[in-house]
Amino acid sequence: MSREEGRTGAGWAKSGRDLAADGTAGEERQPFVSNLLAFLRGLRRLGFSVGPEEARLVLSALGRLGVTDARTCRDAVQAVVVKHAHEVPLFRAAWQVFFQNARGVQDAWLALNTLSAQVARGWQERHRHLQVIWMGRHPAADADHAGADEAGPQVWIRTGASAQERLRRRDAARITPAEWEQVKRWRVRAAPLWRPSRRRMAVRRGGPLDLGRTIRRAAAETGGECIDWVCTKVRKKQRPVVLLCDVSGSMDPYSRMALRFAHALMQAGVRVDVYVFSTRLTRITDRLRLRDADRALQEAVWAVPDMSGGTRLAEALALFRQRYAVRALRGGAVVVLLSDGLDAGEPGVLEAEVVRLRRLARRLVWWNPLLGDSSYQPLARGAAVLARHADGVRPAHTWAGLEAAWADLVK
């Protein structure tokens, strides 16, 4: 609780004691008044413009109207505290739960705690909820504002994540089968990577003057008089992204999420070329173009005979360079290598292949799921080689981590 709220809380408590003792409210309504004052403090923390004056108006109105009719009470409080149209849904959700639980309850602390969880569930903004904590006096407030507010509990709020947001930040190895069904339905709003094209396009303004087009248009439309100037600007094309995904046994839960993420990118119109490898290399881009996520992933798994096998990273990179690199890396492609870096081959061979791939690609980025562990160090021989030669290293153990890694790639 802030110092300002500590000062205004005393004014609220004083007005509450005065109005609760007034004949219009009655002494039997004192628990309801305490609950209502805490409710108004909570609304203020939620962003409503509520101060001591609004509290006096609310208590005065309810003292005259009574508290027996829920709709009348709600409309009276709403007329005072709601200043903008977008606040109406949150207020009504909070008031409905408050009136049902706090009305007639003799224990104000119990009523406020019952209110908290249900109000929090009714409010979310971009997968985040406000978790309202109505738990009596804030411990830190006792030392700074002892005796400032003796008539009602204080309110404070902490922010937390929704269930979906927590799932997006959960390690792929800890996701249950039921949660995987939710992951299959997720979509991404990912921006593609752009590169300038050799071609130019005509625009009215915003680029250098195209004198040739200007004269030709004038000759065809206005008899040679230049009225409209034609400018040009460089066209943009999508920069291709090549995803080399490790599907060995040690990468099993993370490769599953990575393929689902690649499918979501392709459904969003992003140009991605996907290859998977364990003991051999397989291109699965065409199978991931299927709209249905279950069918696309199933087709991809059927096409990979060495799924969850060993890891031969150097051989996979060599096969990609020999068979696919000429076509896949045209147009300044960016290569994303998603692997834990655990290779069964010789580190010298792997280093030579990584250096060759780095020269062919515009950028070589390593997405490593093991970076989710804060104590992780790339001590394995393959991981050490990738760490030395990659242009960037990003964690990729969660869905949110994959989105952040892609956003970093787009920059």
Quick one: if the Förster radius is 41 Å, what FRET efficiency do residue 173 and residue 322 give, using the C-beta to C-beta distance and rounding to 0.05?
-> 0.75
Please list, or write none, the lysines whose alpha carbon is within less than 18 Å of the alpha carbon of residue 411, excluding same-chain residues fewer than 8 places away.
-> 236, 237
Set of segment 325-353 residues, backbone N closer than 14 Å to the point 7 Å along the Cα-Cβ line of residue 283 | 325-330
With the 8 Å Cα cutoff and a minimum separation of six or more residues, segment 239-410 has a relative contact order in percent of 23
Could you work out the per residue convex hull volume over the alpha carbons of segment 239-410, in cubic angstrom?
-> 101
Listed highest first by mean packing, meaning other Cβ atoms within 10 Å per residue, what order do 335-341, 54-60 come in?
-> 335-341, 54-60
If you count, for each residue, the other Cβ atoms within 10 Å and average over each peptide, how do 266-274, 222-230 line up from highest to lowest?
-> 266-274, 222-230
If one computes P(r) from the Cα atoms of segment 198-326, what percent of pairs lie at distances over 27 Å?
-> 44
Would you calculate the volume per residue, in Å³, of the smallest convex hull containing every Cα atom of segment 197-237?
-> 63
Between residue 222 and residue 204, what length in nm is gained on full extension when 0.36 nm per residue of separation is reduced by their alpha carbon distance?
-> 4.8 nm
Treat each spin label as a single point 7 Å out from the Cα along the C-beta direction, and report the residue 362 to residue 86 distance in nm.
-> 3.6
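Read-outs: derived from the displayed coordinates by stated rules, not from any lab. Here the structure is a predicted model, which is why all the values come from computation and not from measurement. Don't worry about glycine lacking a Cβ; one is built from the backbone with ideal geometry, like all the others, and counts go over all protein chains shown.
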